[in-house]
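A quick write-up on the structure given underneath.
The values are calculated or read from the model by the stated rules, or taken from the named source; none is laboratory data. Remember, predicted model here, so these are calculated numbers, not experimental data. Ideal geometry is used to build each Cβ from the backbone, glycine not excepted, and the neighbour counts take in all protein chains shown.
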Amino acid sequence: MFSFGQLIFALCFLIGFTLIIIFSYRSDKKKQPSYFKGSYKIVVGFFIAFSALVLIKYLTQK
């Protein structure tokens, strides 16, 4: 499906992208904290929705 090189690239990209997003979020949160109140609710909602999609896919594959 994917070559070994593509998997390595995807892993490096994911790690790098995540680190950049975290760094940007922290620096923006320090500058304008009023914009980020309650942002954890969005993250929790995203993970719930993503988990529901994975569960639906898993249950319908049989």
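PHE2 meets the conditions (1) of a type in the set (Phe, Trp, Tyr); (2) in a loop (DSSP other than H, G, I, E, B); (3) modelled with pLDDT of 95 or more in every case but one. The failed one is (3). Scan the stretch 12-41 for residues that are surrounded by fewer than 10 Cβ atoms within 10 Å (Cβ to Cβ) and within 15 Å of the chain's Cα centre (by Cα) and the total you get is 2.
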